[in-house]
């Protein structure tokens, strides 16, 4: 069973690959950019050349830059050292100890394999769906780069594979029905290995629903939207098992201590190539917490975005110019101590990404997740749960609201909520307020639970002194 646009279709912009990268993927260069720069749709080798209008070319170039690359996995590096021949067997030395063994084989190096998301979409979708998705992702309603990439990845990892499982060569609008989604939801939530939470299911079906809602505006006839109330899960906003955990301030200090490099934090003068990865890790978690920033914003920052400002009437201050959700550009205040830490890490470097991975490329959110989780385990916080980058943001927002409550109770929280909302870059004050409600409700529930404790405390000594089977008499 195949869908529209599979075999026998004529070549068009949705039935093409994206030129400039081999089909099997490629590793990024030292700059972190794909070989050849921006990749544009190019016709298949068997199809005649198609001249792309300049307006479409520019629009696709901008969208391709926003979507960027997706990591497909790992492969052996071409620069991996050859395996060393096995050395002679170790012979006992005088005194019974084993003699040193011969040369050991070195572990081969691995590199991540990347492909352009736009190229992957062109391969996974049929021509009509590809054109609709291009318009959908380019819409002014979806200006956030993180949102566009998230929607793209949902199509590539969830819905296109499901379409192939159902027998379609490519995903097309209308290939999935409500019944398909109900069966899929039952499977992914009931499986024993890594079941999806209701929040994850809701996010994935939201992507599909948004795409079909856009398609209904541009296609005639409109494809039916398979996402109905029978598919959308009910989200329990107060479920502690799915809520983002919160670090207490003592736990924040413990992670900072675990991340602190062994050597001095002052600039070494040796340049960024000799920088300590431990210092980079400390800078990362410090920025995530102190700025309450999203991990995508921190990773997207460049060294040139860190700037010192000041005027004749104001004190000198350091800011980090961040590209926030919704294409907003904001200057985030960097406290002096954090600024000194950043300058020690950069060590005079003013170009390139702000944070670099061990290979000198831009640190991405997956790198940040691994670093934060490793430091959390080393510090022993969150009872062993993963310390994800979002935990830092949620913890910082919660601590800001805690400070307001300590200053003047609920009234002070209500008065200062707007400032915390702006600092957290929330559009809706309800989003910010949810952090405080969760925190204060837990405290009030604990207070109410202790109200009857005195009665139990008065009776417990008598109960403990009474032998089994005996009863006290009044």
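Identify, by number, the condition in (1) in a helix (DSSP H, G or I); (2) touching a helix residue (DSSP H, G or I) at 6+ places or on another chain (Cβ under 8 Å); (3) without any contact (Cβ under 8 Å) to a residue 12 or more places away in the chain that residue 413 doesn't meet.
Condition not satisfied by residue 413: (3).
Taking the stated definitions as given, is residue 359 without any contact (Cβ under 8 Å) to a residue 60 or more places away in the chain and over 23 Å from residue 397 (Cβ atoms)?
It is false that residue 359 is without any contact (Cβ under 8 Å) to a residue 60 or more places away in the chain and over 23 Å from residue 397 (Cβ atoms).
Which condition number in (1) under 14 Å from residue 389 (Cβ atoms); (2) modelled with pLDDT of 95 or more is the one that residue 244 fails?
(2)
Mind listing whichever residues of segment 362-372 are surrounded by fewer than 16 Cβ atoms within 10 Å (Cβ to Cβ) and either in contact with a helix residue (DSSP H, G or I) (Cβ under 8 Å, 6 or more places away or on another chain) or without any contact (Cβ under 8 Å) to a residue 40 or more places away in the chain (or both)?
Result: 370, single match.
Residue 254: at pLDDT 95 or above and in a helix (DSSP H, G or I), yes or no?
In short, yes.
Can you tell me which of (1) assigned to a loop (DSSP other than H, G, I, E, B); (2) at pLDDT 95 or above; (3) under 23 Å from the mean Cα position of the chain (by Cα) is the one residue 142 doesn't meet?
Unmet for residue 142, out of (1) assigned to a loop (DSSP other than H, G, I, E, B); (2) at pLDDT 95 or above; (3) under 23 Å from the mean Cα position of the chain (by Cα): (2).
Tell me whether segment 199-214 contains one or more residues that are more than 30 Å from residue 131 (Cβ to Cβ) and assigned by TED's automatic domain parsing to the domain that holds residue 129.
Looking for residues that are more than 30 Å from residue 131 (Cβ to Cβ) and assigned by TED's automatic domain parsing to the domain that holds residue 129, one finds at least one in segment 199-214, hence yes.
Would a scan of segment 258-267 turn up a residue that is at pLDDT 90 or above and on the phi < 0 side of the Ramachandran plot?
yes
Does residue 375 meet the test of being touching a residue at least 60 places away in the same chain (Cβ under 8 Å), surrounded by 20 or more Cβ atoms within 10 Å (Cβ to Cβ) and either at positive phi or within 20 Å of the chain's Cα centre (by Cα) (or both)?
Answer is yes for this residue.
In segment 127-143, how many are buried (at least 19 other Cβ atoms within 10 Å of the Cβ) and under 21 Å from residue 297 (Cα atoms)?
Adding up the residues that qualify gives 1.
Out of 168, 180, report the one residue that is assigned to a loop (DSSP other than H, G, I, E, B), in the same structural domain as residue 69 (by TED's automatic domain parsing) and touching a residue at least 40 places away in the same chain (Cβ under 8 Å).
Criteria check complete, one pass: 168.
Can you name the residue in segment 214-233 that is assigned to a helix (DSSP H, G or I) and touching a helix residue (DSSP H, G or I) at 6+ places or on another chain (Cβ under 9 Å) and is also farthest from residue 160 (Cα to Cα) among such residues?
218
Being within 33 Å of the chain's Cα centre (by Cα), closer than 21 Å to residue 324 by Cα, without any contact (Cβ under 8 Å) to a residue 40 or more places away in the chain and assigned by TED's automatic domain parsing to the domain that holds residue 295, is that true of even one residue in segment 433-442?
Scanning segment 433-442 turns up at least one residue that is within 33 Å of the chain's Cα centre (by Cα), closer than 21 Å to residue 324 by Cα, without any contact (Cβ under 8 Å) to a residue 40 or more places away in the chain and assigned by TED's automatic domain parsing to the domain that holds residue 295.
When segment 378-401 is examined, which residues are found to be within 22 Å of residue 425 (Cα to Cα) and either modelled with pLDDT under 95 or within 21 Å of the chain's Cα centre (by Cα) (or both)?
The answer is 387, 388, 389, 390, 391, 392, 393, 394, 395, 396, 397, 398.
Looking only at segment 416-432, filter to residues that are in a helix (DSSP H, G or I) and touching a residue at least 40 places away in the same chain (Cβ under 8 Å); which one of those is nearest to residue 326 (Cα to Cα)?
Going through the qualifying residues, I end up with 424.
The values are calculated or read from the model by the stated rules, or taken from the named source; none is laboratory data. It should be emphasised that the depicted structure is a prediction, and the values quoted were computed from it without experimental measurement. Because the Cβ atoms are built from the backbone with ideal geometry, glycine has one as well, and the counts that use them run over all protein chains shown.
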